[in-house]
Structures are given as C-alpha cells and as structure tokens.
Amino acid sequence: MKTNLRKPKKPQTQVGVITALSLLLIVFLWLGFQAYFPTPKVKKEIVAVAKDSIQSHRFFSETSFWNQPLVENPEIDPQSNHFIELMKKEPTGPFFKINLVAWTIPVYEVNDSTPRFKIQLHHLSAAEKKRWNTNRETFGHGKEFEAELVPIPKDAQADPQEDAHCALVDWKHRIAWDMWGLTKNADNSWTSNTGMKYSLDGEGVYDPRDFGMKDGESVHYYGPSRAAGVPAIAGLIMYDEVQKGEINHKLACATRMNAYKEHVFPAIWTDGFIVGGIPEGAVIQLDPKLDLSKFELHPGELAVAKALQKYGMVVTDIAGANTLYGEGLWGHPGKSWDGVLRENGGGISSISIENYRVLKINNRVNKGDSYTKILNDAGHWPN
C-alpha cells in the first residue's frame, strides 16, 4: 500500500514569533541607519516662504499686461518704420539710454512700523500756473491715496530733479503708493503734486472711467504720476532683479516723439505733442533675432536686452531722450548701478534704434493733454 508522505507543518505560534522578530530586526536596522545617515528633509513651511518671497517681489498679478511676454512673431505696426525714423531724429542720439541717476523713480519698502503722514497737495504759484497753462490751484491725489496716511521711511528721498518722483511698496499688505513732485518740508511734513495708491496684486492698469479726465487737460489733476496714466512702478528696472540676471516683465520707456492727443492701452492718457508721433501705450520690441553677443554688455545689461526682446517696452511718458528707467537708488547707500548698468556711452545705448520695431497698435484713443504742445510750440518743452 502506497502512503502519501507530507512535510510536517511548523506550529502557527512559532511562525508568528519568527515573523515578529524579523520585523523588529528590520525596524531597528532602519532606525540605526537613519541615525547615521539621516534622510534630508525639506520643511513645507520653508518651501512656502520661498515661494512667497518670489511672488512678493513681483509687481502686479501674474495675468497683468506688464507681466505677459510677447507672442512669438508678433504683428508689426504698418507705421513702425515711420516711428523708428522719428526716434532716430532724437538730438541726443538714435538709441535708447537708461535713466539711472536722475529723472527716474526711487522705490522704498515700508511696513507697519514705518512713520505715516498726511500728504498735502502742493499749491501752484502764479509762475507754475502760467507754465502749466492752468488756473487750477493744485494738481490732484487719487481718492484712496487722499483718504489715508501714507508711510514714508525716515531716509526716503525723492528724485532730486524737478519731477521728484517717489514710490513706496508694502510687500506684507501688497500695496503700493507713488507720487510726483514729492517735497519734504522744514517741519518734516510732506507735499506732492500727485498721489496714487493701488494693489500689487492688481492688473497695474487704471480704468479711465474712474478719473473723468476732460480732453485737453492733464491726467496729473486726478492722481497718476505718469503722463500716460500708468503706475509709476510699472515697467521700472529694479536693482535686485538685474542683480539676479533676469527681468520678467515689460519695461517702461519715454521718447520726445510721442503723439499729440493719441494713446493706446495700457495708457489712459498722453502728454505727447508730435502730430503723427508714436502713441503713448505703444509697445516697442528689440528684434528677438538680434545676436546680443555682438555687443559688449555687462550681465545686467544683457538681462535688460533680453527683456526688451521677450517682453518689450511701453511708451509711458515724454522725455528729452529715448530712455528707459532704472530704479533710483537714493536712500539706498548699499546699492549702486556702477558696473551694473550704464546710462549711455555703452551697454543698451550701443544698440542702434534701427534694431527696434513698434508692434501693432490697436484701438487708438484721440484724447489727451494739450499743454505740452503749447509749451513745445513756444520752444519751452522738453528741455
């Protein structure tokens, strides 16, 4: 008789003990390994802080016009060559320079502990009224600016030139203020010609319906510091972003050849005085196919040039030159543009105006300031 022989089974309790001991041994070995070779840990709160730090130092929302790169192969305006020829006639030279040490905008960070002031409106003298062709007593502050105290650091200085621009940013509360004609008085109070308050998370574009400008008058009567009616910090080349080697937004520029009573989005007004000139709000792009290695550019200047190719620049004001704007560093003794950017005599100014083109202009608005044309016709504007 055949008998089936089977391997005897181990008792269940014995199997359980062996399994438990094995698991304990694995745990002890893993803990010991971790003690000598700990796994690097990235705390979520650190990641969050880093992300917030990057976002907090970017003006306006991600969807803002100012933060959008240009489309590939954008449509060129039919009058582009005409506009470029106008800018080539600029007496100071057929190129774009960068205002760095005068006629630009300093920016100061503020917080909850920064001293706050009621900014008074500057009252125009008889000579100023004549110059600006107005009977008004003052220019103007925006409603939100006028309603609250404004934080100004102790060491803040406006641009020492006549424009005396100044901007303030509160990264914690995501708010900005800007002024034109800011003056500190002997009693430590402040006055200004204009003043605006706005969100750093907004679009960076004003709605003209909020102001009610009348054709022929200045936008400065209603609060904006820029003649095009855009925030003063929009398109400003900031020192820290240049040091990082990358600018991720459109730039602001000015020319002497801006159109008389003609502007386009994002501008809501204009102080141009050239009939047939380039409308304020127009976008100018440096040819994206231009080989930048042909120019002797500092790293910071290369960052500016690349931004001009990728994002372009927006005409926001008139000036006695074709110029961009770098952050004014008054009140920041630890910062200097020396060796970083050059105003002219090299750098961006070594790139001929012929390497730029004006992108397609749509929906022109035929309204604006008329005083600059009067001044220009009389031989008084711009200096």
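The values are calculated or read from the model by the stated rules, or taken from the named source; none is laboratory data. Remember, predicted model here, so these are calculated numbers, not experimental data. Glycine also receives a Cβ, built like all others from the backbone with ideal geometry; neighbour counts cover every protein chain displayed.
Results for (1) of a type in the set (A, V, I, L, M); (2) in contact with a Leu (Cβ under 6 Å, 6 or more places away or on another chain); (3) modelled with pLDDT under 95, shown as yes or no for each residue.
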{"site": "300", "(1), (2), (3)": "no, yes, no"}
{"site": "304", "(1), (2), (3)": "yes, no, no"}
{"site": "361", "(1), (2), (3)": "yes, no, no"}
{"site": "370", "(1), (2), (3)": "no, no, yes"}
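Which one is farthest from residue 222 (Cα to Cα) among residues in the range 129-180 that are aliphatic (A, V, I, L, M) and out of contact with any Pro (no Cβ under 8 Å at 6 or more places or on another chain)?
Of all residues in the range 129-180, those aliphatic (A, V, I, L, M) come to 147, 149-150, 152, 156, 158, 164, 167-169, 175-176, 179.
Next, from what is left, pick out any that are out of contact with any Pro (no Cβ under 8 Å at 6 or more places or on another chain): 147, 149-150, 164, 169, 175, 179.
Working: 147: 14, 149: 18, 150: 17, 164: 18, 169: 21, 175: 19, 179: 12 Å.
If we take residues in the range 129-180 being aliphatic (A, V, I, L, M) and out of contact with any Pro (no Cβ under 8 Å at 6 or more places or on another chain), then 169 is farthest from residue 222 (Cα to Cα).
Scanning the range 295-320 for residues that are within 30 Å of residue 216 (Cα to Cα) and outside any strand (DSSP E or B) gives 312, 319, 320.
Kindly indicate whether any position in the range 268-278 is of a type in the set (Val, Ile, Thr), farther than 14 Å from residue 313 by Cβ, surrounded by 24 or more Cβ atoms within 10 Å (Cβ to Cβ) and touching a helix residue (DSSP H, G or I) at 6+ places or on another chain (Cβ under 6 Å).
For the range 268-278, residues of a type in the set (Val, Ile, Thr), farther than 14 Å from residue 313 by Cβ, surrounded by 24 or more Cβ atoms within 10 Å (Cβ to Cβ) and touching a helix residue (DSSP H, G or I) at 6+ places or on another chain (Cβ under 6 Å): present.
Screening residue 333 against (1) over 21 Å from the mean Cα position of the chain (by Cα); (2) surrounded by 21 or more Cβ atoms within 10 Å (Cβ to Cβ); (3) within 21 Å of residue 107 (Cβ to Cβ) leaves a single unmet condition, (2).
Being crowded, with 16+ Cβ neighbours inside 10 Å, in contact with a His (Cβ under 6 Å, 6 or more places away or on another chain) and under 29 Å from residue 72 (Cα atoms), is that true of even one residue in the range 351-366? Explain how you work it out, then say what you get.
Let us first name the residues in the range 351-366 that are crowded, with 16+ Cβ neighbours inside 10 Å, namely 351, 353, 355-359, 361, 365.
Narrowing the set further to residues that are in contact with a His (Cβ under 6 Å, 6 or more places away or on another chain) leaves 365.
Filter once more, keeping what is under 29 Å from residue 72 (Cα atoms): 365.
The answer is yes, given that some residue of the range 351-366 is crowded, with 16+ Cβ neighbours inside 10 Å, in contact with a His (Cβ under 6 Å, 6 or more places away or on another chain) and under 29 Å from residue 72 (Cα atoms).
Taken over the range 69-81, the criterion of being farther than 21 Å from residue 250 by Cα and touching a strand residue (DSSP E or B) at 6+ places or on another chain (Cβ under 9 Å) is satisfied by 79, 81.
Taken over the range 321-337, the criterion of being in contact with a strand residue (DSSP E or B) (Cβ under 9 Å, 6 or more places away or on another chain) and in a loop (DSSP other than H, G, I, E, B) is satisfied by 321, 322, 327, 329, 330, 331, 332, 337. Within the range 52-100, being buried (at least 17 other Cβ atoms within 10 Å of the Cβ) and either β-branched (Val, Ile, Thr) or at pLDDT below 95 (or both) holds for 58, 84, 98.
Summed over the range 107-123, residues that are in a loop (DSSP other than H, G, I, E, B) and either at pLDDT below 95 or in contact with a Pro (Cβ under 6 Å, 6 or more places away or on another chain) (or both) total 2.
Annotation: residue 357 fulfils all but one of (1) assigned to a strand (DSSP E or B); (2) out of contact with any Lys or Arg (no Cβ under 9 Å at 6 or more places or on another chain); (3) closer than 17 Å to residue 254 by Cβ; the unmet one is (3).
Residue by residue, here is whether (1) acidic (Asp, Glu); (2) surrounded by fewer than 21 Cβ atoms within 10 Å (Cβ to Cβ) holds:
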{"position": "188", "(1), (2)": "no, yes"}
{"position": "204", "(1), (2)": "no, no"}
{"position": "217", "(1), (2)": "yes, yes"}
{"position": "231", "(1), (2)": "no, no"}
{"position": "252", "(1), (2)": "no, no"}
